1. Filter the range 248-260 down to the residues that are among the hydrophobic types (A, V, I, L, M, F, W, C) and open to solvent by 10 Å² or more (accessible area, probe 1.4 Å), then identify the one that is nearest to the chain's Cα centre (by Cα).
2. Can you tell me which of Tyr456, Tyr389, Tyr405 is open to solvent by 40 Å² or more (accessible area, probe 1.4 Å) and in contact with a helix residue (DSSP H, G or I) (Cβ under 6 Å, 6 or more places away or on another chain)?
3. Scan the range 40-51 and report the pairs whose first residue is touching a residue at least 40 places away in the same chain (Cβ under 8 Å) and whose second residue is open to solvent by less than 20 Å² (accessible area, probe 1.4 Å) and among the charged types (D, E, K, R), with Cβ atoms within less than 7 Å and a gap of 6+ or a chain change.
4. For the range 268-290, what are the residues that are open to solvent by 30 Å² or more (accessible area, probe 1.4 Å) and either farther than 25 Å from Thr398 by Cα or touching a Phe, Trp or Tyr at 6+ places or on another chain (Cβ under 7 Å) (or both)?
5. If we only count strands (runs of 3 or more DSSP E) wholly inside the range 624-714, which ones have 2 or more residues that are modelled with pLDDT of 95 or more and of a type in the set (D, E, K, R)?
6. Looking only at the range 86-106, which residues are touching a Leu at 6+ places or on another chain (Cβ under 9 Å) and farther than 17 Å from Asn439 by Cα?
7. Give me a count of the residues in the range 459-477 that are assigned to a helix (DSSP H, G or I) and open to solvent by less than 50 Å² (accessible area, probe 1.4 Å).
8. Residue by residue through the range 80-134, note down the ones that are within 16 Å of ligand 1 (Cβ to nearest atom) and open to solvent by less than 40 Å² (accessible area, probe 1.4 Å).
Amino acid sequence: MKFLKLLILLFTIPIFSQQGGMWIPSLLKGMNETEMKNLGMKMKAEDIYSVNKSSLKDAIVHFDGGCTSEIISNKGLLLTNHHCGYDAIQSHSTLDHDYLQDGFWARDIYAELPNPGMVATLIVSINDVTEKVLEGVGSLPTEIEKQKKIQENINTVQNNFPKESWQDTRIRTFYEGNQYILFVTETFKDIRLVGAPPSSIGKFGSDTDNWVWPRHTGDFSIFRIYANRDNKPAEYSQDNIPYTPKHFLPISLDGISEDDFTLVFGFPGRTQEYLPSFAVEQIVNTLNPAKIEIREAALKVQDGFMRKDKAIKIQYASKYASVANYWKKWIGEKQGLEKSNAIQIKKDFEKEFQKRVEKEGKTKEYGSILKDFEESYGEITEYALARDYFNEVVLRNTELLSFGYKLYQLEQSYASKGEQSFNDRRNNLLKSFEEAYKNFNPTVDEQVFEQLLSLYLSKSPYSPPSLTKENLSKLTSEVYKKSKLTTYEGVKELLKGDAKSAIKDLNKDNGYELVKLLANHYTDKVIPIYTELNLKINALQREYMKAQLELFPDARYFPDANSTLRVTYGKVQGYNPSDAIYYEPVTHLDGIMEKYIPGDYEFDVPTKLIQLYKNKDYGIYGEDGKMPVCFIGTNHTTGGNSGSPAIDSNGNLIGLNFDRVWEGTMSDIHYDPEICRNIMVDIRYVLFIIDKYANADNLIEEMKLVHPKNSSKKSKKRR
Ligand code: ARG
Ligand code: ASP
């Protein structure tokens with residue numbers, strides 16, 4: 001038995017250890033390049049990232065800060081997910097022309113729709129600046145002084161790094177403060193909506209299927225980058241022209257099969273792969289359950305209204321989807337961490353770590369890290385919980401409170417920075433409120449308010465003692481009856497006049513009064529201690545990382561995701577979600593018809609798609625008489641990777657990343673290559689919808705479709 005275990009270990013570690021991780025594109029030479037080649041890649045590291053010539057990275061675009069997108073034509077055509085373009089699609093939708101419901105297709109470039117405020121960022125270069133950022137830091141006695149010095153150095157380096165006038169620089173930390181990297185970027189500000197399928201395709205399966213395999217969602221939408229006449233970033237103007245990229249991705253029509261190499265290139269947001277067991281315990285047992293309960297209450301209220309009222313459904317569609325998204329993810333994450341034994345695996349590693357520290361004679365440097373972690377996590381739990389309650393209830397899910405909190409910050413900025421800062425901030429706020437209030441319904445929010453505050457008062461370790469559950473329903477109706485925060489006009493009126501009089505008016509409003517009470521209590525009782533403990537934990541995390549790099553030099557360490565450009569790779573592969581069940585890696589249009597529920601808000605199917613299915617009218621996009629829809633692979637992805645291209649061994653686009661499988665949602669904290677899979681929509685399905693469903697030939701003509709598997713040397717040369 002023991003021998004068998006050892007054998008399994010010996011064989012699984014080398015195979016699987018070659019997968020997982022999100023790597024820095026400029027540092028792929030060496031281990032990563034070898035691993036990718038072993039998995040079947042035919043490109044060189046230099047084809048993925050190069051400063052000297054155009055490379056894949058020139059086609060990868062950070063989409064509006066949160067998602068990824070890729071350029072797929074020499075006229076700046078940009079492909080991303082439907083859920084990433086959702087806000088934009090919604091903002092152009094009304095009851096008369098509901099693009100969310102019916103889809104939208106610009107038949108020529110004049111019909112493309114501008115999106116004020118939307119941005120798309122390209123990476124120009126990636127530069128290690130660790131030495132300069134850490135200069136003079138080591139000798140400082142306290143953590144606060146160290147962080148202050150680091151911040152000063154960051155500002156200096158950021159401001160003095162050579163760049164063109166239209167470019168920006170930003171520095172991010174890697175390996176928990178052990179490495180610093182500077183990015184030179186170009187941010188485009190005129191991004192127009194070009195096409196989107198109806199939600200019954202782009203969001204097929206909606207929340208029921210979200211985070212779940214087998215999946216059948218055509219989760220894509222299309223935008224275009226516009227530049228000024230010099231091909232440089234510019235604010236929206238009618239004179240702007242489509243951007244000419246340094247590189248765009250050709251699209252492979254050859255499709256995928258199990259075990260094919262895949263590379264996903266994008267902007268993963270945040271992972272926490274190196275947390276100690278104590279932190280994971282806190283997430284599983286305390287933080288996730290609290291957040292899940294809060295969101296569940298908010299969702300229940302919104303869902304009730306959305307099902308009854310079509311206008312509310314449009315107003316709340318985007319907000320609901322994003323609240324529901326992480327609600328569901330946290331449930332999956334908790335289950336996955338439990339099922340994969342993550343806490344025990346961490347504990348076992350920590351034992352090993354401690355042994356190694358002692359063996360190497362490093363007790364003085366690293367001997368107390370784990371003990372200190374345990375102590376600090378013990379202390380921080382109630383403050384972390386209070387923080388999550390405040391974030392989720394006040395800042396995130398009760399809109400009247402979150403609007404009020406922005407006004408609270410406005411008052412603070414007057415107190416600390418004076419009239420000018422107040423005025424600037426007020427103008428920006430009013431602009432963003434104008435949009436936000438369009439999608440605000442006080443009747444819905446009133447019920448959310450009562451439900452969520454009730455949880456806050458009974459379960460947050462720190463809530464103002466003067467608020468009690470007994471008075472809550474009276475308080476609720478008084479706030480929503482009297483407060484001016486329930487309408488945009490009301491807020492505008494509160495904010496008129498000079499700073500002093502506006503603040504005076506604000507403080508007479510009962511909604512604002514409540515926000516202030518909550519915020520002050522939180523600021524006094526939670527923030528100071530939380531911040532202090534968190535600083536300590538971050539410093540420990542940095543030392544822990546440093547120690548691991550030093551004491552286990554052969555292990556494979558990738559830096560946690562931090563919204564910077566990364567490469568992850570793996571292969572197309574199914575998995576066993578549970579005993580005796582195996583999930584194939586590819587789904588087909590047949591599966592959409594199996595899930596079809598006429599008229600259902602999640603599983604309806606457009607008539608035209610049914611027709612195409614019946615006629616098997618798949619054009620050049622089908623395979624063996626079937627239409628592939630989605631596929632999964634072993635690429636290690638996270639939130640922010642949505643819209644990332646799935647790229648084949650030659651650098652062609654084969655799919656569009658949009659999700660992960662249920663059993664593997666814990667991958668942000670504990671990546672298990674046996675069951676963690678990312679979900680991609682097959683690019684052939686995307687093309688089929690654009691071409692056969694929407695007849696948008698104008699878009700297909702712009703793209704470059706290739707057949708790498710069948711290509712003779714001739715057609716390769718042409719590229
Ligand atoms: N789970 C995916 C991601 O985290 C897709 C989310 C789309 N939203 C939804 N509620 N279906 O972004
Ligand atoms: N759906 C996610 C996104 O929007 C991707 C993921 O979390 O797997 O970025």
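1. At the first step, the residues of the range 248-260 found to be among the hydrophobic types (A, V, I, L, M, F, W, C) are 248-249, 251, 253, 256.
The next check asks that each one be open to solvent by 10 Å² or more (accessible area, probe 1.4 Å); those that pass are 248, 253, 256.
Numbers: Phe248: 23, Leu253: 28, Ile256: 26 Å.
The extreme case among them is Phe248.
2. Values: Tyr456 fails: open to solvent by 40 Å² or more (accessible area, probe 1.4 Å); Tyr389 fails: open to solvent by 40 Å² or more (accessible area, probe 1.4 Å).
Only one candidate qualifies: Tyr405.
3. Ile48/Lys57; Tyr49/Lys57
4. Of the residues in the range 268-290, the ones open to solvent by 30 Å² or more (accessible area, probe 1.4 Å) are 270, 272, 278, 281, 285-286, 289.
Gln272, Phe278, Glu281, listed by residue number.
5. Numbers: elements: 628-633, 645-647, 653-660, 678-682.
By residue number, 653-660.
6. Phe104, Trp105, Ala106
7. Just the residues of the range 459-477 that are assigned to a helix (DSSP H, G or I), to begin with: 459, 469-477.
Retained after the next criterion (residues that are open to solvent by less than 50 Å² (accessible area, probe 1.4 Å)): 472, 475-477.
The number of residues fulfilling the criteria is 4.
8. Selection gives Thr80, Asn81, His82, Cys84, Gly85, Tyr86, Ala88, Ile89, Gln90, Leu100.
The values are calculated or read from the model by the stated rules, or taken from the named source; none is laboratory data. Every value quoted in this text rests on a predicted model; they were computed, and no experiment measured them. No Cβ is skipped: glycine too gets one built from the backbone with ideal geometry, and neighbour counts run over all protein chains shown. Accessible surface areas use protein heavy atoms only, side chains included; no ligands, DNA or RNA. Shrake-Rupley method; radii C 1.70, N 1.55, O 1.52, S 1.80 Å.
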